[in-house]
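First the structure, in the form of structure tokens, and then the observations on it.
The values are calculated or read from the model by the stated rules, or taken from the named source; none is laboratory data. These numbers were taken from a predicted model, which means no experiment stands behind them. No Cβ is skipped: glycine too gets one built from the backbone with ideal geometry, and neighbour counts run over all protein chains shown.
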Amino acid sequence: MFLRHVLLNVKSTVRLSPQTIDRLIHRSLASHAKNSSSQKVSLEDKNSETDGKTVQPIIETKGVRKEREKADFERLSVVERITKKYLPSHINSIVIFAIVGIGYVIYEQVKNDFEIKYTFRFGSCPNFKFPEDQLLERKELLDTLTSIVTPVPDKLVSSYYIVVGDHGTGKTTLIRQAARKAGGGVIYVDVPSNVEKFGASFARAIRFNFKEHLRLSTWIESKMFGSPPDEGKEASWERVLMSFRKYAHHYRKKHGRVPVLIFDNCDSLAKKDQKMLEALQDSAKIAIDDSQWITVFVASIGETPEQMEGRSSITRASSFIQITDLSEEEAMTYLTEKRNLSKDLAHDMYALYGGRLKSLQKAATKIDHGLSFSNIRTANLNDIRRRLEKIRCRATTQEEVFIFNILCGLLHKSELTVDELIHMEEDVSIRQKVLEELCHETILTRTVSSGAYIFHGQSAKVCVEEFYKEKKCFRCKSIKDMLF
Ligand SMILES: Nc1ncnc2c1ncn2[C@@H]1O[C@H](COP(=O)(O)OP(=O)(O)OP(=O)(O)O)[C@@H](O)[C@H]1O
Ligand SMILES: [Mg+2]
């Protein structure tokens, strides 16, 4: 590619156009006139034609030429005059090009360095994305999270953190509030659902520019000869992490505190790129051992904490910090004070959704838009029922018995332990398949503390009570034997 461009450039220089030939004749005649010291030079073959064009004779005295050149010079801009005066014309372009190139590279590096240091100094975290007057204060959880995301002196660094909670319990809102409260030295990274864009997302968080290591030769080559610059190839999260390490060190030396790095919504990593999650967890462990920075992973209950738990680097993590649903009192405050709903309606909503913030928020917004609560309720329960029917449809009779035993069991007990599940179904493959499907369809979830199974949300429990208990379709043989 490079050679092809060089050859093309050389070829275009060598190929002579009619105008170029005219200029050459012109120059040789002028130099002849100079050598013979004659006052006038006339060209004999005035009318000779080259490629159909007439070559005009040049009759110019030395003084006239000087005056013409002076007039030409005065017409130039200041920069052009300086360039013409001090730089021989054939190297002008090369020198200017090199100066601009070097200037550009230095500018990019200084700018990038300043921006990253600025980001570390003042922290980087976007605000939550809903109106502030709808924000419910969750003081206890906020204080806990603020204490873990506030940069501390390196002597106090002991572990990295994993914050977990069900989908929609308010993890992102709380961690962003805490990060903004802590301020300087806190970097928040929102892991995108498309994990290939993680590098770009991480880079945006610290305002890292992938041109940081731009080499002059690479830049000139790409601009002159069109060879592709290396930005795309090297826009990897590893490069950002290397740069993060360098600036974390600088921040620690300058401010005497260890910066904090938050990875929110890590679930997509666990689902789509387990290796990347492992590498990040390992880097979090090394960073703790060397007191370089503190990492905080935020994820939903399920795959992510389970995968992270299975690695040796979990030894440097503190025990899981759990974000729970709202209590009844908090939910009532949110619905009546922040969403201006009546107490009766708030009670009905709590009965259906429990304290799951996302569900309460969605239903309250629909009510704001004029929908009736009974319609919202019916649609929600039908949705859960459809998912349950899908599982039933694919199940064998033995699997179906197990499904109903679980659902019925959870109407009697708040959670089912692994021992109880083994008692219900001894066949491990059936047990695994059914539990996986119920979790995948968000009917069940596992608690982080004990690993027991619970309903994913209050509405799943209401659905089972309404559609299945009434029909008395449970085959509760094994349930009856158990002492609930
Ligand atoms: N403190 C709060 N006050 C009022 N509304 C809140 C609060 N926290 C969360 N919400 C509402 O709940 C919604 C979901 O919150 P958030 O995105 O923080 O949950 P999450 O646990 O991070 O969810 P996911 O697991 O899907 O990432 C928000 O869009 C917001 O409307
Ligand atoms: Mg979130």
Within region 427-463, work out how many residues are touching a strand residue (DSSP E or B) at 6+ places or on another chain (Cβ under 8 Å) and either part of a helix (DSSP H, G or I) or not assigned by TED's automatic domain parsing to the domain that holds Arg387 (or both). 5
Based on this model, can you work out whether Ser243 counts as at pLDDT below 90, more than 30 Å from Gly457 (Cα to Cα) and assigned to a helix (DSSP H, G or I)? no
Given (1) free of Cβ contacts under 8 Å to residues at least 60 places away in the same chain; (2) within 28 Å of the chain's Cα centre (by Cα), where does Arg316 come up short, assuming only one miss? (1)
Can you name every one of the helices (runs of 4 or more DSSP H) wholly within region 250-317 that holds 1 or more residues which are of a type in the set (Lys, Arg) and more than 16 Å from ligand 2 (Cβ to nearest atom)? 267-272, 274-289
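Can you tell me which residues in region 177-191 are within 12 Å of ligand 2 (Cβ to nearest atom), over 22 Å from His255 (Cβ atoms) and not hydrophobic (A, V, I, L, M, F, W, C)?
Asp190
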Among the numbered criteria (1) touching a helix residue (DSSP H, G or I) at 6+ places or on another chain (Cβ under 7 Å); (2) without any contact (Cβ under 8 Å) to a residue 12 or more places away in the chain; (3) within 16 Å of ligand 2 (Cβ to nearest atom), which one does Ser359 miss? (2)
Taking the criterion of being modelled with pLDDT under 90, more than 16 Å from ligand 1 (Cβ to nearest atom) and outside any helix (DSSP H, G or I), would at least one residue in region 87-94 satisfy it? yes
Just one of the numbered conditions (1) modelled with pLDDT of 95 or more; (2) within 16 Å of ligand 1 (Cβ to nearest atom) is not true of Val186; which one? (2)
Matching option when the condition is away from ligand 1 (no atom under 13 Å from the Cβ), in the same structural domain as Leu136 (by TED's automatic domain parsing) and within 23 Å of Tyr453 (Cα to Cα), among Glu309, Glu303: Glu309
Residues in region 155-183 that are in a helix (DSSP H, G or I) and within 13 Å of ligand 1 (Cβ to nearest atom): how many? 9
The lone condition Asp133 fails out of (1) under 30 Å from Gly256 (Cβ atoms); (2) more than 8 Å from ligand 1 (Cβ to nearest atom); (3) in a helix (DSSP H, G or I); (4) not hydroxyl-bearing (Ser, Thr, Tyr) is (1)
